[in-house]
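A short reminder: the numbers here are calculations on the coordinates, not readings from a lab. On a predicted model such as this, the values are computed, not experimentally measured, just so you know. For neighbour counting, all protein chains shown are included, and Cβ atoms are generated from backbone atoms with ideal geometry for every residue, glycine included.
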Amino acid sequence: MLDVYATFAEEYMALPVIRGLKTDSEKFAGAEDTYCIEALMQDGKALQSGTSHFLGQNFAKAFDVKFLTKENQQEYVWATSWGASTRLIGALVMAHSDDDGLILPPRIAPLQVVIVPISSKDAAAQKKINEKLSNW
């Protein structure tokens, strides 16, 4: 799953990411291993943006989740957990915006729109233009 996350982040969201294994102190509680992508933000900091957890049989034993083998024996399931959340959207916004706004990568938003107001010397007309723009 880590490769799926990384490919989507890099090729569609234009986010540079680092793939890796979390340390024991950082991994998901109860997981055997936690893998993640860290997206690079404009300030040089990384944001954890997608995770994949190998849960082993820990949760299966805690919740008594079993399957029947070909040999007709019950065994605890081996489990994984995957997740990309709104944090990935946050990474997109943080990486592709500034004080002037957000510019989405072409594969996310192939059509870009820019509103260019045309000023008027007529005060009433200019007021209408300003009111319309403030609603955007």
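Relative to the longest principal axis of the Cα atoms of the chain, the long axis of helix 123-134 lies at roughly 0 degrees. A Cα-only calculation for the stretch 50-130 places Rg and Dmax at 26.9, 86 Å.
Can you list which of the GluC sites (Glu not before Pro) found in the stretch 24-65 are DSSP loop residues with at most 16 other C-beta atoms within 10 Å? The qualifying sites are 26, 32. With Cα atoms defining each centre, the stretch 20-50 and the stretch 51-70 are spaced 22 Å apart in the structure.
Across the stretch 103-111, computed HN-Hα scalar couplings (Karplus, 6.51 cos²θ - 1.76 cosθ + 1.60, θ = phi - 60°) run 10, 7, x, x, 6, 8, 10, x, 10 Hz from first to last residue, x flagging Gly and Pro. Listed by chain and number, the lysines placed with their C-alpha closer than 20 angstrom to that of residue 22 are 45; residues fewer than eight positions away on the same chain are left out.
Given the DSSP H assignment, sum -39500 (n - 2.57) over each helix run of at least 4 residues in the chain and divide by its residue total; what's the result at 222 nm in deg cm²/dmol, nearest 500? Before the final figure, lay out the partial values.
Working: 4 runs with 38 residues, N = 136.
Here the helix-only value at 222 nm equals -8000 deg cm²/dmol.
Read through the labelled values [x] 18.6, 62; [y] 15.2, 44; [z] 23.7, 86 and report the label of the one computed as Rg and Dmax of the Cα atoms in Å from the structure. It is the value labelled [z]. Between the residues 92, 2, 77, the greatest Cα displacement towards the positive end of the dipole of the stretch 1-109, with unit charges on the Cβ of Lys, Arg, Asp and Glu, is found for 77.
For the chain, take the longest principal axis of its alpha carbons; what is the angle in degrees between that and the long axis of helix 86-95, to the nearest 10 within 0 to 90? Approximately 50 degrees, to the nearest 10.
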